[in-house]
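Read-outs: derived from the displayed coordinates by stated rules, not from any lab. Owing to the predicted nature of the structure, the values given are computational and were not obtained by experimental measurement. Here the Cβ positions follow ideal geometry from the backbone for every residue, glycine too, while neighbour counts run over all protein chains shown.
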Amino acid sequence: MTPLKIRQADINDLEFITTIESTCFPAAEAAERDSILARLTVYPKGFFIAEIDKHIIGFINGACTNGPTIEDKYFESMDNHLDSGKHLMVFGLDVHPGHQHKGYARQLMNHFIDFARAEEKAAILLTCKEHLVHYYESFGYLNEGQSASSHGGAIWYDMKLSL
């Protein structure tokens with residue numbers, strides 16, 4: 001496996017991030033450029049890039065809340081982000097299809113978990129589709145059942161990793 005560098009994202013990464021997001025998710029689910037820009041500017045320390053040979057191949061990002069689950073409103077606006085929130089939410093874990101199934105997503109998630117611990121968060125929350133429940137359970141996330149979220153018209157499952 002080619003060595004992966006994980007670093008904090010910055011505004012110069014916006015176009016690459018937007019392209020990867022639109023490649024990894026259906027249009028109804030993918031975050032739009034303005035939404036990604038808001039995430040980069042409101043909570044940049046919770047946005048990480050994965051690079052191979054200085055080429056961006058993926059990222060993970062989120063925001064904070066005191067709520068017990070991710071609600072659709074969090075995907076729609078960073079106005080709901082709470083820096084002091086005890087839970088870190090995962091909005092997206094994206095790896096370009098040409099680099100998938102090589103362990104890079106796992107490295108990004110482990111980095112995010114380490115970041116959450118360093119920030120002294122109580123838990124990490126995410127939503128995923130049914131076929132990914134087992135994958136996230138491999139990190140220690142617990143499946144809390146079908147989510148109330150209907151983001152992008154899909155069925156999601158609430159996952160929680162207590163730290």
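With a ≥ b ≥ c the root eigenvalues of the C-alpha gyration tensor of segment 21-74, is it rounded (a/c under 1.5), prolate (a/b larger than b/c) or oblate?
oblate
Tell me which GluC sites (Glu not before Pro) from segment 1-68 have a DSSP coil assignment and no more than 12 other beta carbons within 10 Å of their own.
Answer in residue order: Glu32.
What aspartates and glutamates could a cross-link reach from Lys86, if we take a straight Cα to Cα line under 13 Å and drop same-chain neighbours fewer than 8 places away?
Partners found: Glu119, Glu120.
Out of every Cα-Cα pair in the chain, what percent are more than 21 Å apart?
The proportion of pairs with Cα distances above 21 Å equals 42 percent.
Quick one: which of 95-106, 65-76 comes out on top by average Cβ neighbours within 10 Å, and what's the full order, highest first?
The peptides rank, most packed first, as 65-76, 95-106.
Given a cut-off of 21 Å, name the pairs among Lys5/Lys73; Lys129/Lys160; Lys45/Lys102; Lys54/Lys160; Lys45/Lys129; Lys121/Lys160 whose C-alpha atoms lie farther apart than that in the structure shown.
Pairs exceeding 21 Å: Lys5/Lys73; Lys45/Lys102; Lys54/Lys160; Lys45/Lys129.
Report ³J(HN,Hα) in whole Hz for each residue of segment 84-92, in order, from the Karplus equation J = 6.51 cos²θ - 1.76 cosθ + 1.60 where θ = phi - 60°; Gly and Pro get x.
Here the 3J(HN,Hα) series is 8, x, 7, 10, 9, 9, 9, 8, x Hz.
Between Glu32 and Ser84, what is 0.36 nm times their sequence separation minus the Cα-Cα distance? Round to one decimal in nm.
The Glu32-Ser84 span can extend by a further 16.1 nm.
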